[in-house]
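Beneath this line is the structure, given in structure tokens, with notes to follow.
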Amino acid sequence: MTTMTKLNQKTTRIAGLFFLGMVLTGLFSEIFVRQKLIVQGDSATTATNILSHPLLYRFGITGDIFMSLFYLFTALALYCLLESVSKKLASVMVVFASLGCVILLFNVLFQAVFRCI
């Protein structure tokens, strides 16, 4: 096995671990936090749930932040794998993934602020 193949194999595994981290933290935030705390169409019940479980609510926000970071790290690991194929397209992928992370983090910020008001 050549050195480049071993390096690609290691990078592929790292990208897979980052992707797994993204999926697990996203599922945690969605299934264990938002579905337990947020009641669609009933803001009073949602506010009561958040106020009675503030730590769970904070874990959900933290999970979303980590999901966004794992998403960015996955894109960077994939860039390392794909830059030998097309550096330009791999760079475009990282730019779009970075923009997606920024949008997700703004969403988390506004959810945190406006749910507390």
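The values are calculated or read from the model by the stated rules, or taken from the named source; none is laboratory data. Source: prediction; values computed, not measured. Ideal geometry is used to build each Cβ from the backbone, glycine not excepted, and the neighbour counts take in all protein chains shown.
Kindly establish whether ASP42 is more than 12 Å from the chain's Cα centre (by Cα) and of a type in the set (Asp, Glu). Spell out the reasoning first.
On the way: more than 12 Å from the chain's Cα centre (by Cα): yes; of a type in the set (Asp, Glu): yes.
Yes; evaluated as a whole, the condition is true for this residue.
Residue check: is PHE96 of a type outside the set (Lys, Arg) and in contact (Cβ under 8 Å) with a residue 24 or more places away in the chain?
On the way: of a type outside the set (Lys, Arg): yes; in contact (Cβ under 8 Å) with a residue 24 or more places away in the chain: no.
Considered against the rule, which asks whether it is of a type outside the set (Lys, Arg) and in contact (Cβ under 8 Å) with a residue 24 or more places away in the chain, PHE96 comes out as no.
Taking THR62 as the residue in question, decide whether it is surrounded by 13 or more Cβ atoms within 10 Å (Cβ to Cβ), under 16 Å from the mean Cα position of the chain (by Cα), in a helix (DSSP H, G or I) and polar (S, T, N, Q). Step through it out loud before you land on a result.
Working: surrounded by 13 or more Cβ atoms within 10 Å (Cβ to Cβ): yes; under 16 Å from the mean Cα position of the chain (by Cα): yes; in a helix (DSSP H, G or I): yes; polar (S, T, N, Q): yes.
So THR62 passes the test.
Considering only the stretch 2-33, state which residues are over 19 Å from CYS80 (Cα atoms), more than 14 Å from the chain's Cα centre (by Cα) and surrounded by fewer than 15 Cβ atoms within 10 Å (Cβ to Cβ).
ILE31, PHE32
Inspect the stretch 93-116 for any residue being surrounded by 16 or more Cβ atoms within 10 Å (Cβ to Cβ), modelled with pLDDT of 95 or more and among the aromatic types (Phe, Trp, Tyr) and give the result as yes or no.
No, the stretch 93-116 contains no residue that is surrounded by 16 or more Cβ atoms within 10 Å (Cβ to Cβ), modelled with pLDDT of 95 or more and among the aromatic types (Phe, Trp, Tyr).
If a residue must be surrounded by 13 or more Cβ atoms within 10 Å (Cβ to Cβ) and within 23 Å of LEU105 (Cβ to Cβ), how many such residues does the stretch 34-46 contain?
Qualifying residue count for the region: 5.
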